[in-house]
Amino acid sequence: MLDDLPPLRETLAAAGISAKKSFGQHFLLDLNITRKIARLAGVSAGETVIEVGPGPGGLTRALLETGAHVVAVEKDPRFVPLLEDLGAHAPGQLRILNEDALTAALPPGAPIVANLPYNVGTPLLIGWLIGALRPGSMTLMFQKEVADRIVAAPGSKDYGRLSVLAQAICDARIVMDLPARAFTPPPKVASAVVHLTPRLDRPSDEIVERLQRLTAAAFGQRRKMLRSSLKPLGGEALCTAVGIEPTLRAEDVPVAKFLAMAAALNAT
Ligand code: SAM
């Protein structure tokens with residue numbers, strides 16, 4: 001059973017696998033940490049969970065321990081034998097896809113739990129926010145700077161396109177901070193886990209598409225006033241329609257006002 005498995009550090013050493021930078025590989029080998037992430041994700045027995053980038057399987061092991069069924073998508077084929085061995089200790093619970101998570105067909109509606117590779121973390125998140133997969137929740141490790149941008153409030157330097165898109169679609173909060181030394185090998189920066197749950201009042205796909213156009217224009221020239229940065233989309237009239245000053249800058253506009261502008265976009 002899972003308890004019979006050797007420590008991850010031994011498994012990795014025995015397989016002779018060293019981390020590849022191009023795949024953003026920084027491993028969590030401490031099961032106390034991966035168990036905490038599984039707990040924060042709120043995963044329960046019998047549920048199907050997607051894990052992206054299982055690598056040597058530290059988080060996978062913690063997820064399997066909860067009794068969940070795990071669909072694990074790993075691009076690096078070197079980890080497949082290790083993951084198969086892990087699956088043999090939890091019969092029927094682990095499905096391994098040796099694919100790229102950016103293009104793999106994943107089960108819709110399932111929660112996603114992942115210690116994401118830094119190089120594709122943001123595009124993966126955006127795809128899950130706006131795409132057809134509609135994950136039940138997302139519990140994702142990012143570099144701290146990206147986590148801060150996801151949860152940022154208006155008026156802060158971190159507030160931008162990613163904050164507006166993520167917070168319009170999900171409730172998002174940082175649930176765990178981890179120093180670089182928690183990873184093997186340690187990355188250059190600290191990390192944080194963000195827990196995202198879909199909002200009950202999730203905007204329609206059409207509003208999300210308009211929101212993306214608006215935030216691209218507004219934050220593309222973030223030092224400019226909205227009447228100027230949003231000029232091609234209706235500028236002053238759009239601001240007036242939703243009751244905000246056209247002299248504001250993008251970073252001072254709350255998510256709800258961006259949503260109101262998206263709703264008013266064609267009417268102005
Ligand atoms: N989950 C493991 C852990 O916590 O120890 C590994 C995390 S490591 C930060 C990121 C993992 O994602 C690596 O195993 C890497 O090979 C994998 N990976 C990188 N790009 C990927 C992609 N496009 N699709 C699927 N897996 C990917």
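In table form, for the structure just shown:
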read-out: Amide H contacts under 5 Å for His69, placed H, 5+ residues apart; value: Gly46, Glu47, Thr48, Val49
read-out: Contour excess over end-to-end distance, with Cα ends at Lys188 and Lys224 and 0.36 nm allotted per residue; value: 9.6 nm
read-out: Between the range 200-227 and the range 30-70, the Cα center-to-center distance that results, in Å; value: 35
read-out: Listed residues Asn32, Asn98, Asn115, most fluctuating in the chain (Gaussian network, C-alpha, under 10 Å); value: Asn32
read-out: Accessible-area order (highest first, 1.4 angstrom probe) of the listed residues Ile33, Ile174, Ile50; value: Ile174, Ile33, Ile50
read-out: Of all accessible heavy-atom area on the range 205-267, the percent that carbon and sulfur account for (1.4 Å); value: 52
read-out: Amide hydrogen neighbours beyond the local backbone of Asp171, cut-off 5 Å, H modeled; value: Thr197, Arg199
read-out: Point-charge dipole on Cβ atoms (K/R +1, D/E -1) for the chain, about Cα centre, debye to 20; value: 1020
read-out: Heavy-atom surface of the range 15-95, accessible at 1.4 Å and reported per residue (Å²); value: 40
read-out: Percent carbon-and-sulfur accessible area, the range 2-198, ignoring ligands, DNA and RNA, probe 1.4 Å; value: 54
read-out: Estimated FRET transfer efficiency when R0 is 41 angstrom, pair Lys21-Arg134 (beta carbons, to 0.05); value: 0.80
read-out: Cα long-axis angle, helix 255-264 against the chain (0 to 90 degrees, to the nearest 10); value: 60
read-out: Cut-off under 5 Å, modelled amide H: who pairs with Ala110 long-range; value: Gly136
read-out: Integer Hz, Karplus 6.51/-1.76/1.60 couplings in order for the range 88-93, x for Gly and Pro; value: 5, 8, 9, x, x, 9
read-out: Magnitude of the charge dipole, the range 159-266, Cβ model with Lys/Arg +1 and Asp/Glu -1, debye to 20; value: 400
read-out: Equivalent ellipsoid, the range 208-266 (semi-axes from 5 times Cα gyration tensor eigenvalues, Å); value: 14, 12, 11
read-out: Label-point separation in nm, Val80 to Arg173, each point 7 Å along Cα→Cβ; value: 4.2
read-out: Greater than 23 Å apart at Cα, pairs in Lys20/Lys157; Lys231/Lys257; Lys157/Lys224; Lys20/Lys144; Lys20/Lys188; Lys21/Lys75; value: Lys20/Lys157
read-out: Residue-normalised accessible area of the range 141-268, given per residue in Å² at a 1.4 Å probe; value: 47
read-out: Hydrodynamic radius by Kirkwood, which averages 1/r over all alpha carbon pairs of the chain, in angstrom; value: 19.7
read-out: The range 153-167 - phi-based ³J(HN,Hα) in whole Hz, Karplus 6.51/-1.76/1.60, Gly and Pro as x; value: 9, x, x, 9, 5, 7, 6, x, 4, 5, 4, 5, 4, 4, 7
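The values are calculated or read from the model by the stated rules, or taken from the named source; none is laboratory data. Predicted model only: the values in this text are computed from it and were never measured. Glycine also receives a Cβ, built like all others from the backbone with ideal geometry; neighbour counts cover every protein chain displayed. What goes into the accessible areas is simple: the full protein's heavy atoms, side chains included, and nothing from ligands, DNA or RNA. Shrake-Rupley method; radii C 1.70, N 1.55, O 1.52, S 1.80 Å.
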